[in-house]
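Read through the structure below, which is laid out as C-alpha cells, and then see the notes.
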Amino acid sequence: MTPTPSSPKPLAGWRVLVPRGGPWGDSVAADLRAKGASPVVAAMINFAPTADAPALEAALARLADGGFDWVTVTSATTVDVLSAARAVVPPSTRIAAVGETTAAALAAAGYAVDLVPSEDNSARGLLEEWTAATEGVVPLRVLTLRSEIAKPLLTEGLRRIGHDVESVVAYRTVGIAVPESIVADVREGLVQAILVTSGSVAEQVQVQLGPIPESTLVAAIGPQTARDAREYGLRVDVIADERTATSLIEAVAAAATERSEAS
C-alpha cells in the first residue's frame, strides 16, 4: 500500500524570531519546529530587581500581616518576585491574576488564585469583571504589583471605582542587545516572522531591528500588546485570538497559509 504523502507543514521554510529565552522560549521554539519553522531564539528583554526594594519589602510585609483584601498579579515575572521574596499571602487576602499564564505560575508557586478574567486576559479585562467578582464591595484594600514600565491602567481603574489601592513596582524590565547577525538577517528580509509578546518586547524590536521589512510578518500576542507596539511605531500584521503562545503561533501559521495560497 502506497503511503499517503503528509501535508506540508504551514511554517515550512519560515524563520521565526522568538524574543524571549528560558523555558518559555524553548517551549515556543519546539512548537514552531512542529509546524515546520526554524525558530531564532533571541532574548530581547530581561528582568532586574526593582530600584525601590524597601518599598516592595514594606508592601510585602503588610501583605503578610493581612493589610490587603486583594493583591493583583499581572505577570509570571511578578510571581517569580513573590517566590524569591518568600512572600506570604494570608487566607484573608484574595489573589487576582490577569490571565491563565499568570494564574498557572501562581498555582505552581503554591499560591491560590481567586480571580482570572474569563474573557479578556489583560488588566482591562480584569477591571471589567472586578465589580461583579467582588460583589460591588467598596472600598477594598488592594495591592497592585507591577513592572516599572507598565501603564497604571489597573491601579487607576480600581481607584476610580473607589478602592484604596497601593501600587508597588515589583521589578524592572531591561533591554538586551540582539546579536548583529540577527539584526542583519531581519533587515535583509531573511526572517519571515517576529513574535511580539509584550509592549517592552515591541519597543526593543522597533529600536533594535526597525524599520521591519514589509515582507516580515509582525505578530502580537494580544490587542494591548498590538496597541503598545503601534505606539512605539512598530507595524503589527496579525494579532493572536487569545493571549497565549499557542494562539500566537496559530495566528502566524494561518497568515503563512494565506500567503502561500495567494502566491
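The values are calculated or read from the model by the stated rules, or taken from the named source; none is laboratory data. Quick caveat, the model's predicted, so the values are computed rather than measured. In this analysis, Cβ positions are derived from the backbone assuming ideal geometry, glycine residues included, and neighbour counts consider all displayed protein chains. Heads up: the accessible areas ignore ligands, DNA and RNA and are worked out on the full protein's heavy atoms, side chains in. Shrake-Rupley method; radii C 1.70, N 1.55, O 1.52, S 1.80 Å.
The table below lists the values:
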item	result
Members of region 164-183 found to be over 30 Å from LEU17 (Cβ atoms) and either modelled with pLDDT under 95 or open to solvent by 60 Å² or more (accessible area, probe 1.4 Å) (or both), listed by number	ASP164
Residues (in contact (Cβ under 8 Å) with a residue 12 or more places away in the chain and either touching an Asp or Glu at 6+ places or on another chain (Cβ under 8 Å) or buried (at least 22 other Cβ atoms within 10 Å of the Cβ) (or both)) located in region 236-252	ALA240, ARG243, THR244, ALA245, THR246, SER247, LEU248, ILE249, ALA251, VAL252
In region 1-43, residue nearest to THR77 (Cα to Cα) [restricted to those that are modelled with pLDDT under 90 and over 16 Å from the mean Cα position of the chain (by Cα)]	PRO8
ILE161 being open to solvent by 10 Å² or more (accessible area, probe 1.4 Å) and touching a strand residue (DSSP E or B) at 6+ places or on another chain (Cβ under 6 Å)	no
Qualifying position, being touching a residue at least 24 places away in the same chain (Cβ under 8 Å), open to solvent by less than 40 Å² (accessible area, probe 1.4 Å), under 25 Å from GLU242 (Cα atoms) and assigned by the TED database to the domain that holds ALA226, among ALA37, ALA29, ALA96, ALA105	ALA37
One residue from VAL137, VAL186 being open to solvent by 30 Å² or more (accessible area, probe 1.4 Å) and either over 25 Å from ALA53 (Cα atoms) or among the polar types (S, T, N, Q) (or both)	VAL137
Residue count, region 108-127 (criterion: in contact with an Asp or Glu (Cβ under 9 Å, 6 or more places away or on another chain) and either crowded, with 16+ Cβ neighbours inside 10 Å or closer than 14 Å to THR72 by Cα (or both))	7
GLN224 open to solvent by less than 60 Å² (accessible area, probe 1.4 Å), over 15 Å from the mean Cα position of the chain (by Cα) and farther than 14 Å from ARG15 by Cα	no
Residue in region 192-215 that is surrounded by 23 or more Cβ atoms within 10 Å (Cβ to Cβ), outside the structural domain of ALA85 (by the TED database) and more than 17 Å from the chain's Cα centre (by Cα) present	yes
Members of region 108-144 that are in contact (Cβ under 8 Å) with a residue 60 or more places away in the chain and among the polar types (S, T, N, Q)	ASN121, SER122, THR134, THR144
